[in-house]
Amino acid sequence: MRLTNLWSKALIFAASLILLPCLSRSAPADAQSAFAKLQSLAGIWEGTASDGSKSRVQYEVIAGNSAVVERFVNDRMGAENAMVTVYYLDGGRLLMQHYCMAKNQPRMKAESFDAASNEVRFAFVDATGLPNPQAGHMHNATIHFIDADHISQEWQFFENGKQKFAESLQYTRVR
């Protein structure tokens, strides 16, 4: 009995040595630090999309500092098609829900936050409002915090399981 117990412990220890490097590679994003960066965006930003159209985004910290609301409008799409994204912490995860003009609401999780490059990458988790899994929706997003007054974003739209287009945006804080 004692030998079996010792053998079990040795086996668990060996497995942990093998699996530990794999687990550390998939460690969750530093959600608190990334969320603090998002909170620092509070204000109004203006920029240009990759197609040359002008856009405006407003960030607001709400609900006792528990959420950041991003309101996006672009000259090309008009105010009636403004989109909203809400960023929030859920335990140790940083999540976002994007209310899209495609009439669906993808939810994404921060997969990585690189404090050295000041970049947070979000990946698709699930969505409401999708008629089927192949329907078009925003699938990934990246925010790069360049400095206190400049950010860039990239959004990837997927349809039929493949990227259909990517939207790149550059913003400057106006207040």
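Calculate, for Gln134 and Ala42, the FRET efficiency according to 1/(1 + (r/R0)^6) with r their C-beta to C-beta distance and R0 35 Å; round to the nearest 0.05. Mind showing how you got there, number by number?
Values: r = 37 Å, r/R0 = 1.05.
The computed FRET efficiency comes out at 0.40.
Amide H neighbours of Thr48 under 5 Å, counting only residues 5+ apart in sequence or on other chains, H built in-plane at 1.01 Å?
Ser55, Gln170
Determine the sum of side-chain charges near Leu95: Lys and Arg each +1, Asp and Glu each -1, restricted to other residues whose C-beta is under 10 angstrom from that of Leu95.
+2
Residues with beta-carbon under 11 Å from that of Ala148, excluding Ala148: net charge, scoring Lys, Arg +1 and Asp, Glu -1?
0
Provide the net charge surrounding Val68, with neighbours chosen by a C-beta distance below 12 Å and charges set as Lys +1, Arg +1, Asp -1, Glu -1.
Values: positive: Lys37, Arg71; negative: Glu60, Glu70.
That works out to 0.
Once Lys and Arg get +1 and Asp and Glu get -1 on their Cβ, which of His150, Val174, His139 lies farthest toward the positive end of the dipole of segment 31-175?
His139
Identify all lysines with a Cα-Cα distance to Lys37 below 27 Å; exclude those on the same chain that are fewer than 8 residues away in sequence.
Lys54, Lys109
Check the straight Cα-Cα distances from Lys103 and name the aspartates and glutamates below 16 Å, setting aside those fewer than 8 residues away within the same chain.
Glu80, Asp126, Glu159
Which length gain, in nm to one decimal place, applies between Glu60 and Val84 when the Cα-Cα distance is subtracted from 0.36 nm times their residue separation?
Value of the extension gain: 7.5 nm.
Roughly how many whole Å is it from the C-alpha centroid of segment 53-119 to that of segment 136-175?
If you average the Cα positions of each part, the centres end up 10 Å apart.
Based on the Kirkwood radius over alpha-carbon pairs, what is the Stokes-Einstein translational diffusion coefficient of segment 31-173 at 25 °C with 0.890 mPa s viscosity, in µm²/s?
Details: Rh = 15.3 Å.
Once the numbers are plugged in, D ends up at 161 µm²/s.
We did not get these values from a lab; they are worked out from the coordinates using the rules stated. Worth saying up front: this structure is predicted, and the values here are computed from it rather than measured. Every residue, glycine among them, receives a Cβ derived from its backbone with ideal geometry; neighbour counts consider all protein chains shown.
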